[in-house]
Amino acid sequence: TWNGVAILSRVGLDDVVAGLAGAPGFPRPESRAVSATCGGIRVVSVYVPNGRSPGSEHYQYKLAWLASLREMVAAGPEATVVCGDMNIAPTDDDVFDADAYIGQTHVTPPERAALAELQALGLRDVVRDRWPKERVFTYWDYRAGMFHQNKGMRIDLVLASDPVAGRITDAYVDRDARKG
């Protein structure tokens, strides 16, 4: 399908696992997660389901998938990074206009609660740690020319446990790279 995840490492890949054990599929498991240990750090690369519309079967699939991700991370090592397209804006500060997203996925209380439960495992949002008050976006609707107006959402995240987050010296979104 159109989903895909990857991990690139300069220090090698050990204990590579494709997918999430026990994760739901729609209708079959999709290529939405891969994890590996890289230099003693468990790296989990994800592409969380979009959810399409609140209340839909796709939305329920998204929430169930996030529960499986949380279970997998909870059972893993202390030094962990979960990164990728979460398809959730953590707060209203992570969208250009909160009112523009009322009734849509990516911002609903259940999605944000699922993300908060994942972070409650001790994962810190390393970009927000570095840019606590900045409007930082990672996604812009290409159909409406939103990129050039900087009207976006921050739905791609890097979440790191304290042993890893404490070693990070910088984290940011390079919007200029997207300009091509």
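The values are calculated or read from the model by the stated rules, or taken from the named source; none is laboratory data. Everything quoted here is computed from the prediction, not taken from an experiment. Cβ coordinates were reconstructed from backbone atoms using ideal geometry, including for glycine residues, and neighbour counts include every protein chain displayed. Keep in mind that these areas ignore ligands, DNA and RNA; they rest on the heavy atoms of the full protein, side chains included. Shrake-Rupley method; radii C 1.70, N 1.55, O 1.52, S 1.80 Å.
Across segment 130-177, the fraction of Cα-Cα pairs farther apart than 19 Å, rounded to a whole number, is 35%. By the rule of a C-alpha distance below 25 Å, with chain neighbours fewer than 8 residues away ignored, the lysines paired with K133 are K151, K179. The mean sequence distance of close C-alpha pairs (under 8 Å, at least 6 residues apart), as a share of the length of segment 1-158, puts its relative contact order at 20 percent.
Computed packing ranks the peptides 42-54, 24-36, 91-103, 123-135 as 42-54, 24-36, 123-135, 91-103, most packed first, by mean other Cβ atoms within 10 Å.
Taken over segment 1-57, the convex hull of the Cα atoms encloses 97 Å³ per residue. Seen through its C-alpha gyration tensor, with square-root eigenvalues sorted a ≥ b ≥ c, segment 17-91 comes out prolate because a/c lies at 1.5 or above while a/b is bigger than b/c. Computed over the alpha carbons of segment 107-158, Rg followed by Dmax gives 12.9, 37 Å.
Surface composition of the chain: carbon plus sulfur atoms contribute 51% of the solvent-accessible area (1.4 Å probe, protein chains only, all chains present).
Rounded to the nearest 20 debye, the dipole size of segment 35-148 about its Cα centre is 220 debye, using +1 on the Cβ of Lys and Arg and -1 on the Cβ of Asp and Glu.
Solvent exposure of segment 1-41, expressed per residue, is 68 Å² of accessible area, with all protein chains present and a 1.4 angstrom probe.
In this label model, E57 and F26 are separated by 1.1 nm, measuring between points 7 Å along each Cα→Cβ vector.
For Kirkwood radius over Cα pairs in Å, the candidate list reads (1) 16.9; (2) 17.9; (3) 17.4; the entry that matches the value derived from this model is (1).
With the convex hull constructed from alpha-carbon coordinates only, segment 76-180 shows a mean projected area of 7.2 nm² over all directions.
3J(HN,Hα) couplings calculated from phi for segment 120-125 with the Karplus curve 6.51 cos²θ - 1.76 cosθ + 1.60 (θ = phi - 60°) are, in sequence order, 5, 6, x, 9, 9, 7 Hz; Gly and Pro show x.
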